[in-house]
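The values are calculated or read from the model by the stated rules, or taken from the named source; none is laboratory data. Here the structure is a predicted model, which is why all the values come from computation and not from measurement. Neighbour counts run over all protein chains shown; Cβ positions are idealised from the backbone, glycine included.
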Amino acid sequence: MELSDNDRVNLERARRVADKLGLVLNPNRERALKVATLLAKNHAEHGKYYCPCKQSHPLDPAKDTVCPCPTLTEEIAADGHCFCKLFYTTEAAGAAGAEGAEMTSTAKET
């Protein structure tokens, strides 16, 4: 999959958030890119990185959550990944059939 400059920026932002949280991105690059792109779209349209997986349609800034979600810690503890399947523990990323570190380094290289 060839990445555009915008794709690289979106994945890099998500990777930085994952790094700060001690997590990795979903090893499925298409899924990670889809969620990261929707986050960027919400930011461009609404000024914040609203969670695309938990948002109202149309988006309601008064009730919709900003990524990373307040429930992230509980979701990670229960499932090894967040609801959107953007952020994973290293162990869960490995169990998902790919190495989370490889996904992270791919985003850095591009």
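Among residues of the range 30-59 that are over 17 Å from residue 72 (Cβ atoms), those with a beta-carbon under 7 Å from a residue that is crowded, with 16+ Cβ neighbours inside 10 Å and among the hydroxyl-bearing types (Ser, Thr, Tyr) at least six positions away or on a different chain give the pairs 43/49; 59/50. Considered as a group, the residues in the range 27-50 that are assigned to a helix (DSSP H, G or I) and of a type in the set (S, T, N, Q) include one that is farthest from the chain's Cα centre (by Cα), and that residue is 42. Among the candidates 53, 69, the residue that is part of a loop (DSSP other than H, G, I, E, B), within 13 Å of the chain's Cα centre (by Cα) and over 27 Å from residue 2 (Cα atoms) is uniquely 69. If I ask for residues that are modelled with pLDDT of 95 or more and either in contact with a strand residue (DSSP E or B) (Cβ under 8 Å, 6 or more places away or on another chain) or not in a helix (DSSP H, G or I) (or both), which ones from the range 2-26 would you list? Those that are modelled with pLDDT of 95 or more and either in contact with a strand residue (DSSP E or B) (Cβ under 8 Å, 6 or more places away or on another chain) or not in a helix (DSSP H, G or I) (or both): 11, 14, 15, 17, 18, 21, 22, 23, 24, 25, 26.
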